[in-house]
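Notes follow the structure.
The values are calculated or read from the model by the stated rules, or taken from the named source; none is laboratory data. All of these numbers come straight from a predicted model, not from anything done at the bench. Side chains are part of the model used for accessible areas, which takes the heavy atoms of the whole protein and leaves out ligands, DNA and RNA. Shrake-Rupley method; radii C 1.70, N 1.55, O 1.52, S 1.80 Å.
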Amino acid sequence: MLKNRLTLCFLIAVLILSSCFNSQPAAAQTKDHINPQLKIQKNLSDEQLLDLVQKQTFRYFWDFGHPVSGMARERSNKSFDYGDEVVTTGGTGFGVMATIVASERKFITREQAAARTRKIVDFLWKADMFHGAFPHWLNGETGKVIRFSPKDDGADLVETSFLFQGLLTAKQYYTADNPVENDIRNKILWMWEGIEWNWFTQQQNVLYWHWSPNNGWSMNHQLKGWNECFITYVLAASSPKFAIGKRVYEDGWANSNTFFNGKKFLGITLPLGFDFGGPLFFSHYSFLGLDPRGLKDRYADYFEQNKNHTLINHAYCVENPKHYKGYGENSWGLTASDSWQGYAAHSPAEDLGVISPTAALSAFPYTPEYSMKALKHFYFDLGDKIWSEYGFVDGFSEEHNWYAKSHLAIDQGPIICMIENYRSGLLWKLFMSSPDVKNGLDKLGIASTALKN
């Protein structure tokens, strides 16, 4: 009898386990999971390849999103003394935009996209914020700030602007009259209206990057010169309740020895910024939503700025003055990413022999021919080394026989979003349709052909 009972218990246990392992994942895969395509597929058309890259890269935000908050994790590997609990506000803004792309491309349903976005918005609504601005990192379970550096444990105005570039885009996308999308719009509006952008001037004509409840203004980092922070000034001017004036833009942002350039590099004129342009993310982060086409003020034509910056970066890699293995017409792109020496802001002025796939792929709107050549090389020729479950890895160096295993939210997000802007202009159309953004650009004296359509 005892033997029969043990046998019966064993069979019941097997059935229960079988039910758990068989039924649950099947449901998850049809509803909440995107299967990765890890085998390199030959003979894909250009459109099929773009679809595949956008879809697989989106898995970083969808399948790897934090289970409690839904926000984007900082990176896929555990390093720098933090783990799975760290989520990034700026990278989440990119992920919110990538989720819109996934909805429109039918990688997921609109209902799924809205549910995930609402989860993120609901979490942010209760998370730590300082004068309306969010920190760089949050604990994805508790919503409490995680310090980015010893004194960076409060508001990060730049990361907040990356976050709200995504959230304002979402506010323009989720327009249905139902409880989920109504809630998304309302909470985004309330948080957006509460950011005290003008407080971050310290009553001066310049924005400051950080403020800490424990350290005050001690980091003292002014936002000046040409870099990734253009969107911060645009949104600060667009605020419906706490906007900055035009003089803050002119005397702060544009009043710097790193703003104007005008010199030629490799035969290409660079209107703004560091010599050779700096890392390519300068032309990506602010322009996931902000449409650079026909965007001009008395300082620059911003599409020309971004295109020429990209062309210089490409030409440098083709010339390859340091004679690194693997650089060339089909393998180019220097921007901040992981490297064989740790994280580095790769550029022609800081060239460690590392190609960052996000650099060329997020440049599709500016250099589609060169970017497609790079994409095909990365996938068809190097795919066995750099293609992964979350798209392309963060960086690689054939010179040092090094291939990253990591992915970063701020590098994966622009790939999805900028490819989509190249293909359809989707995110540009949504962000630029915001009445507040229109008012902000007009206040700063920035003209846009997108606003005339």
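Things to note:
- Integer Hz, Karplus 6.51/-1.76/1.60 couplings in order for segment 179-193, x for Gly and Pro: x, 5, 6, 4, 5, 4, 4, 5, 5, 4, 4, 5, 5, 4, 5
- Prolate/oblate/rounded call for the chain, Cα gyration tensor, a/c under 1.5 rounded: oblate
- The phi torsions of segment 290-307, fed into the Karplus equation with coefficients 6.51, -1.76 and 1.60 and a -60° offset, translate into couplings of 6, 7, x, 5, x, 8, 9, 9, 6, 8, 6, 8, 6, 5, 4, 4, 5, 5 Hz, rounded to whole numbers, with Gly and Pro shown as x.
- For PHE265, distant residues with modelled amide H under 5 Å away: LEU270
- Against the chain, whose longest principal axis is taken from its Cα atoms, helix 110-126 shows a tilt of about 70°.
- Links that overshoot a 24 Å alpha carbon limit, given the list LYS42/LYS385; LYS106/LYS429; LYS224/LYS264; LYS264/LYS443; LYS264/LYS438: LYS264/LYS443; LYS264/LYS438
- The chain: angle of helix 46-62 to the longest principal axis, Cα-based, in degrees nearest 10: 80 degrees
- Protein heavy-atom surface of the chain, 1.4 angstrom probe: 51% of the accessible area is carbon and sulfur, with nucleic acids and ligands not counted.
- Degrees between helix 157-173 axis and first principal axis of the chain (Cα, 0 to 90, nearest 10): 70 degrees
- A cut-off of 5 Å between modelled amide H atoms, ignoring neighbours fewer than 5 places along the same chain, links ILE146 with TRP137, LEU138, ASN139.
- Rounded if a/c under 1.5, otherwise prolate or oblate - segment 294-453, Cα gyration tensor axes: prolate
- With Cα atoms defining each centre, segment 75-112 and segment 305-377 are spaced 24 Å apart in the structure.
- Ligands, DNA and RNA are left out, and with a 1.4 angstrom probe the accessible area of the chain is 41 Å² per residue.
- Shape call, segment 130-250: gyration tensor on alpha carbons, a/c limit 1.5: oblate
- Less than 5 angstrom separates the built amide H of LEU295 from those of TYR302, PHE303, THR449, all sequence-distant by 5 or more or on a different chain.
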